[in-house]
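Q: The following block contains the structure, expressed as structure tokens.
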Amino acid sequence: MCGIIGYIGDREACSILVSGLSHLEYRGYDSSGVALMEKDNVNIYKAEGKLINLVEILKTKQDVISKAHIGIGHIRWATHGLPTTINAHPHTCNCKNLTLVHNGIIENYQELKEELTKEGCIFKSQTDTEVAAHLIAHEYGKTNDLLLAMQSAVKKIKGAFAFCAIHKKEPDKIVVAKRNAPLIIGVGEGENFVASDIPAIIEYTKKAIYLCDYQVGVVKKDSIKIYDDKNQLIENKIEYLPFEAIAISKMGYKHFMLKEIHEQSDVVRNVLSSKLTDIEHEIKFDEFKLTSNKIKNITRVQIVACGTSLHAGLVGKYIIEKFARIPTDVEPSSEYIYRDTIADENTLVIGISQSGETADTITAIKQAKNRNSHIVIITNRTDSTMARLADSLLPVNAGIEVSVAATKSYMAQLISLYLLAIYLKEQKGLKENEKEIQNLKHELITLPNKIEMLLEKTDEIQRIAKKYSSYKDFIFIARGINYPSALEGALKLKEISYINATGYGAGELKHGPIAMLDSNMPVLAILNSGIVYDKVLSNCEEAKARQAKLIGVSDYIAQKDINLFDDLILIPAVSDILSPALNIVVLQLLAYYISEYLGKDVDQPRNLAKSVTVE
Ligand code: F6R
């Protein structure tokens, strides 16, 4: 993870770096730092914790920092070493001529460190980045050329990196390199930028070059030169950035998470637009590049994703198997990449990722690509690494999601998967479930209104959140298509409130977890009207018999069953098949209000980051 930024031009570098870092804080907030070059002097400022701590330090140095027009900056998500100031980037070498910021993990840093220690390098931090700084400086000693030093250093490094380096003896440039970590070079007029992601520079330029793996770039005030791994100068491919310089604001909401939960009805409308217009017509999916003949040849689907996106994939399995009748496996990308997976040209591999930068999912996709499978990417970021690997790119257009806990992007992924499942069925010409499909299409079209109805009565959820906020543990149960909702509800609660919450298939409760039940362990049961209602209800009875407090989330509870529950949250009537899209809104709100009530940092929970670019 981590975010990096660089500026070279005539403006005051520091304010551009800090503004850029504020837009990269979603990538980590363990520490931050900037290095500012003025003539042949480099001043480094670092702070532990959130960016605001660095800003406070910089306020006291205004007279020094205002003179610097070149600089690099970093926001850290700790991988090697504690989140302390000493481990904060930028890092330097012995003579402090070279300064470096880095995103990624250097896998062979121990070996390199041992070799460099023998050469006299003295290390102050526990980071792998400091090793890279010494290595580049060591190579510089052989050539006195920062470009050559970077090129030769990266050949010795195993792992993932995006580097941004400056050198006191070459004060007119920033040198960058990347492998398996994102890096863009923003193209300006008489100034240029470097960043891990677009929001960091979009205020200043709408043009950028996406650096590719194994390339090294020399960024000067009025030129950008990019070299391949054979040191050949390559033509700059300038692209227009797909973002407006939008003011990313909370729009009056207390937190981004709450705002993003409330945006979900519009997100659904966006995903549906131009694909599903009415219930009579087939789904249109221009982005899906396989012909119907090829679709008919698909023998299996593999879905790879992590965290919340993985939970969307689990719902995807249910509906793709049900409607398109294609066997579907869902696997965390981080496990998929350590198996000798069976995939071929008749396998459809679907990568789901909000950020499009999750390292494990990128590796899984590359593995499947090598087996000639057709790669579908469902992502919120059409400019991401994953999007570039797609054979069929399905953008979800949920808009920037700032809160680290994913909400609206999950909703967008779910809806995309519903459309995809119906599309695959229609392209295969399957005639089963016609009535159900028509009903589902109708429900999808009316879903935004139902989400809005649900969001109008959050008071009840707020009351229940307060009532349960002092519990230390929670169990979420559901069956069938809502099993992933139980997993996602538990994940939302634990990541933003730090309450220990686990999701189970309700039928699994009696195979072990029931041992934990007593009056201190609330059980939240999702039980929509449908085929599993009675079964989940029996599991609720079993929990109640162990004195567990019971919260029910449902669109319908029979009168005779109401007293079983300590608290009930009723959602608008919905079919079992589409109910995950409504139930999740309740679970997101419950997690949000518990976290808010406990005074936690809702949008930036501890130890997490929005874009997980390390394996
Ligand atoms: C949880 C959350 C994470 C991500 C996971 C994958 O709220 O956001 O679990 O879902 O890190 O990230 P993406 O979707 O960017 O691949």
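Q: Give the residue that is surrounded by the most Cβ atoms within 10 Å (Cβ to Cβ), with candidates limited to residues of segment 433-455 that are free of Cβ contacts under 8 Å to residues at least 24 places away in the same chain and farther than 21 Å from Gln413 by Cα. Don't jump to the end; show me each part of the working.
A: Keep residues of segment 433-455 that are free of Cβ contacts under 8 Å to residues at least 24 places away in the same chain, which gives 434-435, 446.
Filter again for farther than 21 Å from Gln413 by Cα, leaving 434-435.
On the way: Glu434: 10, Lys435: 8.
Restricting to residues being free of Cβ contacts under 8 Å to residues at least 24 places away in the same chain and farther than 21 Å from Gln413 by Cα, the top hit is Glu434.
Q: Considering only segment 496-508, state which residues are surrounded by fewer than 21 Cβ atoms within 10 Å (Cβ to Cβ) and assigned to a helix (DSSP H, G or I).
A: Result: Gly507, Glu508.
Q: Something else about it: For the condition within 16 Å of the ligand (Cβ to nearest atom) and modelled with pLDDT of 95 or more, what is the one hit in Ile594, Ile571?
A: Ile594
The rows are residues; the columns are (1) free of Cβ contacts under 8 Å to residues at least 12 places away in the same chain; (2) touching a Pro at 6+ places or on another chain (Cβ under 6 Å).
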{"site": "Ile279", "(1), (2)": "no, no"}
{"site": "Lys289", "(1), (2)": "no, no"}
{"site": "Ser292", "(1), (2)": "no, no"}
{"site": "Val301", "(1), (2)": "no, no"}
{"site": "Gly307", "(1), (2)": "no, no"}
{"site": "Leu310", "(1), (2)": "no, yes"}
{"site": "Leu314", "(1), (2)": "no, yes"}
{"site": "Glu321", "(1), (2)": "yes, no"}
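Q: Here are the criteria: (1) open to solvent by 10 Å² or more (accessible area, probe 1.4 Å); (2) more than 13 Å from the ligand (Cβ to nearest atom); (3) among the hydrophobic types (A, V, I, L, M, F, W, C). Tell me which single one Leu394 does not satisfy.
A: For Leu394, the failing item is (1).
Q: Could I ask something else about it? Across segment 336-355, what is the total count of residues that are within 16 Å of the ligand (Cβ to nearest atom) and either out of contact with any helix residue (DSSP H, G or I) (no Cβ under 9 Å at 6 or more places or on another chain) or part of a loop (DSSP other than H, G, I, E, B) (or both)?
A: Residues of segment 336-355 that are within 16 Å of the ligand (Cβ to nearest atom), as a first pass: 336-337, 349-355.
Okay, now just the ones that are also either out of contact with any helix residue (DSSP H, G or I) (no Cβ under 9 Å at 6 or more places or on another chain) or part of a loop (DSSP other than H, G, I, E, B) (or both), so 337, 354-355.
Count: 3.
Q: May I pose another question? What is the one condition in (1) within 21 Å of Lys492 (Cβ to Cβ); (2) more than 24 Å from the chain's Cα centre (by Cα) that Asn449 does not satisfy?
A: (1)
Q: Within the set of pairs 6+ apart or on separate chains, which have a first residue in segment 584-608 that is in contact (Cβ under 8 Å) with a residue 40 or more places away in the chain, a second that is within 15 Å of the ligand (Cβ to nearest atom) and among the polar types (S, T, N, Q), and C-beta atoms under 6 Å apart?
A: Ile584/Ser485; Gln588/Thr407; Ile594/Ser497; Ser595/Ser497; Leu598/Ser497; Lys600/Ser497; Val602/Ser595; Asp603/Ser403
Q: Within segment 416-423, is there a residue that is within 15 Å of the ligand (Cβ to nearest atom) and either among the acidic types (Asp, Glu) or in contact (Cβ under 8 Å) with a residue 40 or more places away in the chain (or both)? So that I can check it myself, show each step before the final result.
A: We begin by selecting, within segment 416-423, every residue within 15 Å of the ligand (Cβ to nearest atom); these are 416-417.
Next, from what is left, pick out any that are either among the acidic types (Asp, Glu) or in contact (Cβ under 8 Å) with a residue 40 or more places away in the chain (or both): 416-417.
Yes, there is a match, as at least one residue in segment 416-423 is within 15 Å of the ligand (Cβ to nearest atom) and either among the acidic types (Asp, Glu) or in contact (Cβ under 8 Å) with a residue 40 or more places away in the chain (or both).
Q: Asp228 is checked against (1) out of contact with any Cys (no Cβ under 9 Å at 6 or more places or on another chain); (2) under 30 Å from Ala153 (Cβ atoms) and fails just one. What number does that condition carry?
A: Against the list (1) out of contact with any Cys (no Cβ under 9 Å at 6 or more places or on another chain); (2) under 30 Å from Ala153 (Cβ atoms), Asp228 comes up short only on (1).
Q: Can you say whether Tyr556 is away from the ligand (no atom under 16 Å from the Cβ), outside the structural domain of Ser355 (by TED's automatic domain parsing) and not in a loop (DSSP other than H, G, I, E, B), as far as the supplied structure shows? Quick ask: steps written out before the conclusion?
A: Values: away from the ligand (no atom under 16 Å from the Cβ): yes; outside the structural domain of Ser355 (by TED's automatic domain parsing): yes; not in a loop (DSSP other than H, G, I, E, B): no.
For Tyr556, the condition - away from the ligand (no atom under 16 Å from the Cβ), outside the structural domain of Ser355 (by TED's automatic domain parsing) and not in a loop (DSSP other than H, G, I, E, B) - is not met.
Q: For segment 272-305, give me the residue count where each residue is in a loop (DSSP other than H, G, I, E, B), surrounded by fewer than 20 Cβ atoms within 10 Å (Cβ to Cβ) and in contact with a strand residue (DSSP E or B) (Cβ under 9 Å, 6 or more places away or on another chain).
A: Number satisfying all stated conditions: 4.
Q: Scan (1) modelled with pLDDT under 95; (2) surrounded by fewer than 24 Cβ atoms within 10 Å (Cβ to Cβ); (3) assigned to a loop (DSSP other than H, G, I, E, B) for the single condition Met1 breaks and write down its number.
A: Every listed condition holds for Met1 apart from (2).
Q: Can you tell which of Leu272, Leu290, Leu310 is within 16 Å of the ligand (Cβ to nearest atom), among the hydrophobic types (A, V, I, L, M, F, W, C) and in the same structural domain as Gln413 (by TED's automatic domain parsing)?
A: The conditions single out Leu310.
Q: Can Asn563 be described as touching a residue at least 40 places away in the same chain (Cβ under 8 Å) and out of contact with any helix residue (DSSP H, G or I) (no Cβ under 6 Å at 6 or more places or on another chain)?
A: Working: touching a residue at least 40 places away in the same chain (Cβ under 8 Å): no; out of contact with any helix residue (DSSP H, G or I) (no Cβ under 6 Å at 6 or more places or on another chain): yes.
It is false that Asn563 is touching a residue at least 40 places away in the same chain (Cβ under 8 Å) and out of contact with any helix residue (DSSP H, G or I) (no Cβ under 6 Å at 6 or more places or on another chain).
Q: Could you tell me which of the residues Lys169, Lys178, Lys155 is assigned to a strand (DSSP E or B), in the same structural domain as Ile72 (by TED's automatic domain parsing) and among the charged types (D, E, K, R)?
A: Lys178
Q: Take segment 44-95 and flag every residue that is open to solvent by 10 Å² or more (accessible area, probe 1.4 Å) and in contact (Cβ under 8 Å) with a residue 60 or more places away in the chain.
A: Listed by number, the residues that qualify are Lys50, His69, Ile70, Trp77, Thr79.
Q: Look through segment 356-391, keep the residues that are in a helix (DSSP H, G or I) and within 16 Å of Ser611 (Cα to Cα), and return whichever of them is nearest to the ligand (Cβ to nearest atom).
A: First pass over segment 356-391, keeping only residues in a helix (DSSP H, G or I): 359-370, 385-389.
Still in the list and also within 16 Å of Ser611 (Cα to Cα): 359-363, 385-387.
Working: Ala359: 9, Asp360: 8, Thr361: 5, Ile362: 9, Thr363: 12, Thr385: 11, Met386: 8, Ala387: 12 Å.
Filtering first and then ranking leaves Thr361.
The values are calculated or read from the model by the stated rules, or taken from the named source; none is laboratory data. Owing to the predicted nature of the structure, the values given are computational and were not obtained by experimental measurement. Neighbour counts run over all protein chains shown; Cβ positions are idealised from the backbone, glycine included. Calculation scope for accessible area: heavy atoms of the full protein, side chains included, ligands and nucleic acids excluded. Shrake-Rupley method; radii C 1.70, N 1.55, O 1.52, S 1.80 Å.
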